[in-house]
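The values are calculated or read from the model by the stated rules, or taken from the named source; none is laboratory data. Quick caveat: nothing in here was measured; it's all calculated off a predicted structure. When we count neighbours, we look across all protein chains shown, and the Cβ atoms used for this are built from the backbone with ideal geometry, even at glycine. Areas reflect the complete protein model, heavy atoms only, side chains present, ligands, DNA and RNA absent. Shrake-Rupley method; radii C 1.70, N 1.55, O 1.52, S 1.80 Å.
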Amino acid sequence: MTPRSIGLDLARRDGPAKVTGTATYAYETAVEHPAYCHPVQATIARGRVTRLDTTAAAALPGVLTVLTEANAERLASTEDGELAVLQSAEVAFRGQLIGCVVAETSEIARQAADLVEVSYAEEDHETELTADGSYDADTTGDVESAFAEAEFVVDQTYTTAMYHNNPMEPHATTALWQDGTLTLWESTQGVHPTRSSVAEVFGLDTSRIRVVCPYVGGGFGSKGMPHANVVLAAMAARALPGRPVKLAVTRQQMFSLTGYRTPTIQRTRLAAGRDGRLSAIAFDVAEQTSKVKEFAEESGKPSRTMYAAPNRRIAHRLAALDVPVTSWMRAPGECPGMFGPEVAMDELADRLGMDPIELRLVNDPAEDPESGKPFSSRNLAECLRTGAERFGWADRGPRRDGRWLVGCGVAASVYPVNRMPESTAVIRFAGGRYTVDIGAADLGTGTWTTLPQIAADALGVPVDEVEVRIGDTDYPHASVAGGSSGMITWGSAVLDAAAVFREKFGTDPADGDEAEGSVSENPEEEHFAMSAFGAQFVEARVHADTGEVRVPRMHGVFAVGRVINPRTTRSQLVGGMTMGLSMALHEQSVLDPRFGHVVNHDLAEYHVAANADAGQITAEWLDEHDPHVNAMGAKGVGEIGIVGAAAAVVNAVHRATGVRVRDLPVTLDKLLVSAPRGF
């Protein structure tokens, strides 16, 4: 395949529809005479519902039905505790669904939900994560002896906060049961995975369910798997057969119903000699999960492979608590897991009197420390060197600019190359044009634009002669858009379909000719370790009197293989870096352990970085050729932009002030307390 369309800086095909408001999202689906569903949620952290009186709610004019555990249908599968909606009177966390009201309008449904009277038998609950408890450790070499013998040791504990995804479009569903089939217009990162999950819960053949989602207003992982709201909407629709039911999760409800990133407590230890070479790495991390469904963040993953050290200990503690279900958030594992180690590397460089870039270069491994395999490509060193030159690292401070203290920081990024094992594409020719059908998703990542670029090169035709149809289970099976795997997986299926098409019909096909192709496993994975790498540079300014932190510059250099579309790639990388900036300075879900709920559960109090918070954020990438990852040579760009960003901010703040903040977010109180006599 000769890249002609791949690499072009094409505008998004879905852009005009989105900016003119004609792109249809799940809740906006045009259906006749819809009803509206509003959840009733538990107000205790653990216990049992002893009385649930719906009399007043049901009597409100406009109310169509009220569903509770007492009258809701029995689901075919309750194996997934999160999706076992209204199947028991037990309450496993505050905010859990215990009922819903379906009414003629959303306002009536909401008012009626408030009229439902609930009594509980409350039990003691546990909602606070601690580092105390047993760890599941994976050890290589003699870690403790290496620490005992090392000339330089860093032994610190770092914490990341609880984070909630807040896409602009909240989780929303329009559901319709009709003639024994269920149609879900759903805001999801995967129509086929959603259909499979719903089919299992309701005991239906997948042929009786259709999931439609042409556009998604952001997801960042939170829409990668269906949550309880999807099941509730389907149950409400089944209670009113033939009538569509709409359910939009409110911003406040998202903080208990649609997943979040666990807080982490990371004890990070590094041992090194005077030359900076690491002799040991130990990373013990505590994370939480819900008692009703286990989800592990696996924050220790990047420490297995990031730097060379003959002795390594990676240990996880997963604490099951009476809290809502944890789930995917951008770069699960790598994002929080690179915070402690990358700040610790900065602390080690300080003790050694060594440039932190040089310290990372000294410890850049020639092969994967975990598997012993060679890397298919590893250009972390080039990212660091290029970034240092572009950013002006030599003038990194510290310095003063009036009352502002200025310093720069750096951190590394990594994210594995992922390819899902199943996806299928169908290519059809008609009227001089090619159409690609695949049930893929575009959650703002650019799939509508980049898949035609891949198909065009695979077919050897101009990109204007190719269109795609995605976001519908009526199209062939496609994997979830997650883990930076979407374009790699779906693109590989498209390449296979194009090859089959050309083999069957040549370069002069007739109208109606079509061929199917699927993704296959990559045999090169047996021989190579595959990851994308990057380096993030940050300038921080801290006001000497108030402790206010500003970040006027961020620059990222990434090695992500071949870039399919520079415009969508830059959007993904800069978006990830901005999300990392937000993680570093603003985002924190504050859970009240007395009641087990997040108190700052809206955008008025859970601050997400806005334009005013972001200065100049730029991203570039190396011209990297990796023939082993896939035929396109692409590594995925959705996650890596956020990885390392928060550590780079913390390192820059330390450079500017001399204050080391080890608990995110970096707020002015932490800086002022650490410098009580001023900077």
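Odds and ends about this structure:
- FRET efficiency, 1/(1 + (r/R0)^6) with R0 30 Å, evaluated for A76 and A17 via beta carbons: 0.20
- Ligands, DNA and RNA are left out, and with a 1.4 angstrom probe the accessible area of the stretch 542-664 is 34 Å² per residue.
- Diffusion coefficient, µm² s⁻¹, Stokes-Einstein with Kirkwood Rh over alpha-carbon pairs of the stretch 242-301 at 25 °C and 0.890 mPa s: 157
- The fraction of accessible area contributed by carbon and sulfur in the stretch 526-625 is 49 percent, rounded to a whole number (1.4 Å probe; ligands and nucleic acids excluded).
- For P214, the shell of other residues with beta-carbons less than 15 Å away shows a net charge of -3, using +1 for Lys and Arg and -1 for Asp and Glu.
- Length-normalised contact order of the stretch 351-487 in % [C-alpha pairs under 8 Å, at least 6 apart]: 20
- The residues neighbouring L573, those whose beta-carbon lies less than 13 Å from its own, together hold a net charge of +2 under the Lys/Arg +1, Asp/Glu -1 convention.
- Cα Rg, Dmax (largest Cα-Cα span) when computed across the stretch 120-165, Å: 18.2, 59
- With a 1.4 Å probe rolled over the protein heavy atoms of all chains, the accessible area of F501, F595 falls in the order F595, F501, largest first.
- Within the chain, longest stretch free of exposed trypsin sites (Lys or Arg not before Pro) [DSSP loop, at most 13 other beta carbons within 10 Å]: 75-273
- Between A614, H628, N600, the Cα set farthest toward the positive side of the dipole of the stretch 585-634 (charges on each charged residue's Cβ, about the Cα centre) is that of N600.
- Simple rule: put +1 on each Lys or Arg Cβ and -1 on each Asp or Glu Cβ in the chain, find the dipole, and look at S589, A76, A499; the Cα lying farthest toward the positive end is S589.
- Computed with a 1.4 Å probe over protein heavy atoms only, the accessible surface of the stretch 1-159 comes to 53 Å² per residue.
- A simple spin-label model places pseudo-atoms 7 Å from Cα toward Cβ; at R594 and E149 they are separated by 5.4 nm.
- The order of T449, T305 by accessible area, most exposed first and with a 1.4 Å probe, is T305, T449.
- Surface accessible to a 1.4 Å probe, D437 within the full protein complex, Å²: 10
- Carbon + sulfur, % of accessible area of the stretch 163-263 - ligands and nucleic acids excluded, 1.4 Å: 52
- Per residue, the stretch 334-409 exposes 39 Å² of accessible surface when a 1.4 Å probe is rolled over the protein heavy atoms with every protein chain present.
- Cut-off 12 Å between beta-carbons: net charge of the residues surrounding W490, Lys and Arg +1, Asp and Glu -1: -3
- If R0 is 45 Å, the Cβ-Cβ spacing of T507 and D142 corresponds to a FRET efficiency of close to 0.10.
- Those GluC sites (Glu not before Pro) in the stretch 538-607 that DSSP places in a loop and that have at most 16 other beta carbons within 10 Å: E548, E605
- The value of relative contact order for the stretch 167-295, using C-alpha pairs under 8 Å at least six residues apart, is 27 percent.
- Take the Cα of E117, go 7 Å toward its beta carbon, and the backbone nitrogen atoms of the stretch 44-66 under 20 Å from that spot belong to 44, 48-61, 63, 65-66.
- The portion of the accessible surface of the stretch 279-348 made up by carbon and sulfur, rounded to a whole percent, is 51 (1.4 Å probe; DNA, RNA and ligands excluded).
- Under the simplified labelling scheme, the S134-H543 pair shows an inter-label distance of 5.1 nm, with each label point 7 Å from Cα along Cα→Cβ.
- Entry note, the chain: the mean residue ellipticity at 222 nm calculated from DSSP H runs of n ≥ 4, each adding -39500 (n - 2.57), is -7500 deg cm²/dmol after division by the residues and rounding to the nearest 500.
- Extension gain (nm, one decimal) between E28 and E367, 0.36 nm per residue minus Cα-Cα: 117.0 nm
- Only Lys, Arg, Asp and Glu carry charge here, each on its Cβ (+1 for the first two, -1 for the last two); on that basis the chain has a dipole of about 1400 debye about its Cα centre.
- Beyond 48 Å, the tail of the calculated P(r) for the chain holds 17 percent of the Cα pairs.
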